[in-house]
Amino acid sequence: MQNSTLSSPLVLSLTFGTISDFNYVYGVISLLGFLMIVFSNLTIISTVYLNQSLHEPMYVFISALCTNDLYGSLSFFPSLIVNLFYKTQVISYAACITQIFCIHSYVSCEMAMMTAMAYDRYMCICNPLMYATMMNLTKAFKIIIGMWLFSFISITVHTMLTVRLPLCDNVILKTYCDNWSVVRLSCIDTTINNIYGLFLTVEILGVMPLLVILSYVKILKVCAKSRDNLSKAVQTCSPQLISFAIFVTDCYFELILYRLGPTQVPYGFRVAMSLQTLVVPPFDPSNKSENTAVFYVEEKINGKTN
């Protein structure tokens, strides 16, 4: 790292490594993947919107998750595709800061939506008699708006703390910008950034995953009273839990690796793990299927209760 401060950090250099050797191939793959993500998520959103029978909290949360996945994809894929086709590995400072805000708010919203969906399934299965009053469309929209406000406000503060930092280097060790990649280039003390970042990490990658796990543990405990119910619950919850586990693992990988020593891990593996957080959730249908098994389990349990 250089000792002098960059007077005008207008351009930052991204590290593509061996990806640039096959840039056109990866560019085409990325473009096709991006179009598939847009088409599949828009299809789900429009289906829920146009079908009155799907205007229920569960499907509203699914639509919100799809909307967030579109938002995350738009913050990452266009710049990647442009850089691959034009053989560039640079991004303007303003675009980098914008990408930081979008990607971090996407991750925060994604985790918040998964937490809200886990709560919805918990209420549906564990408290079926109270579900209609405890969870309705109005409350679902309030939860979604609250989650988005929390994410956007907290990440705005996080980003502003980063913008104030003078930089001594301009090399990003990734194929996209994230907060730590820019903070590590700073010439001054970053204690405030580190403390606030730790606070957000505990909330987003500590408290929220814990709430999701507790919700599904409660669901399985309730359904364990009947072998049929347990079987249906496992069929319903397993895809979401697997998707959730992959997403959280990728986030932890990003969090730990780039603070302890990114160069110690093979570049290809590092890039693959980094991209999973931004590519897999928008593609993953397990959290977005019209999973009627949830309601089937509810009816079974409700019948047993009554």
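The values are calculated or read from the model by the stated rules, or taken from the named source; none is laboratory data. Note that the structure is a prediction, hence the values are computed from the model and not measured. Neighbour counts run over all protein chains shown; Cβ positions are idealised from the backbone, glycine included. These accessible areas exclude ligands, DNA and RNA; they are computed on the full protein's heavy atoms, side chains included. Shrake-Rupley method; radii C 1.70, N 1.55, O 1.52, S 1.80 Å.
Here the stretch 32-162 is described by how far its Cα atoms reach on the three principal axes: 58, 35, 20 Å, from widest to narrowest. Available extension along the chain between Leu257 and Ile153 is 34.8 nm, counting 0.36 nm per residue and deducting the alpha carbon span. Full extension of the segment from Ala95 to Ala132, taken as 0.36 nm per residue of separation minus the current Cα-Cα distance, would add 8.8 nm.
Backbone amide hydrogens, once placed in the peptide plane, bring Ile172 within less than 5 Å of Ser13, Leu14, Thr15, excluding anything fewer than 5 places away on its chain. Kirkwood radius and radius of gyration were both taken over the C-alpha atoms of the stretch 28-78, and their ratio Rg/Rh is 1.06. For the stretch 118-220, pairs of C-alpha atoms spaced more than 20 angstrom apart make up 57 percent of the total. Rolling a 1.4 Å probe over the protein heavy atoms of the stretch 99-179, with every protein chain left in place, gives an accessible area that is 76 percent carbon and sulfur. Each Lys and Arg adds +1 at its Cβ and each Asp and Glu adds -1 at its Cβ; summed about the Cα centre, the stretch 131-271 shows a dipole of about 600 debye. Cα convex hull, the stretch 68-121: 66 Å³ per residue, rounded to a whole number. For the stretch 59-129, the solvent-accessible area with a 1.4 angstrom probe is 29 square angstrom per residue. Direction-averaged projected area, Cα convex hull, the stretch 111-178: 6.6 nm², rounded to one decimal.
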